[in-house]
Amino acid sequence: MEITPALVSIAWAAGAVLGFGMVAAFVRLVMGPTLADRVVAVDVLATMAVGALVIVSLITGAALLLDIALAIALVVFLGTIAMAMTIERGIFK
């Protein structure tokens, strides 16, 4: 795939949006009044990290980064489900 200046500009814009979103999610992680807020914030941070890996993979052409992003997404999904079940059972309050 040819890397055009337009693609690089779009990648920078997407990276900036992801950066602002990560900052907002980190603030929610620190200030979240409940454990559920913190779990969702960690899930959002991980999802944005996966998005950042996909953007880097698109620019560099490194297909291995897509595999890593997929693995991270699967692990985060399972962790979020496990924490949701734990919170639902009332183990953490």
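The values are calculated or read from the model by the stated rules, or taken from the named source; none is laboratory data. Predicted, not measured: the structure shown is a model, and the values here were computed from it. Reconstructed Cβ throughout: ideal geometry from the backbone, glycine too, with neighbour counts over all protein chains shown. Calculation scope for accessible area: heavy atoms of the full protein, side chains included, ligands and nucleic acids excluded. Shrake-Rupley method; radii C 1.70, N 1.55, O 1.52, S 1.80 Å.
Quick notes on this structure:
- Apportionment of accessible area to carbon and sulfur, the chain, percent (1.4 Å): 78 percent
- With semi-axes defined as the square roots of five times the eigenvalues of the C-alpha gyration tensor, the equivalent ellipsoid of the chain measures 31, 16, 6 Å, largest first.
- Electrostatic dipole magnitude of the chain [Cβ: Lys, Arg +1; Asp, Glu -1; Cα centre; debye, to 20]: 340 debye
- Convex hull of segment 18-61 built on C-alpha atoms - directionally averaged projected area, nm²: 2.7 nm²
- Per residue accessible area in Å² of segment 5-55, where ligands, DNA and RNA are left out and the probe is 1.4 Å: 61 Å²
- In the chain, taking the dipole from charged Cβ atoms about the Cα centre, the farthest positive-side position among ALA84, LEU65, GLY51 is held by ALA84.
- Relative contact order of the chain: 28 percent, from C-alpha pairs under 8 Å at least 6 residues apart in sequence.
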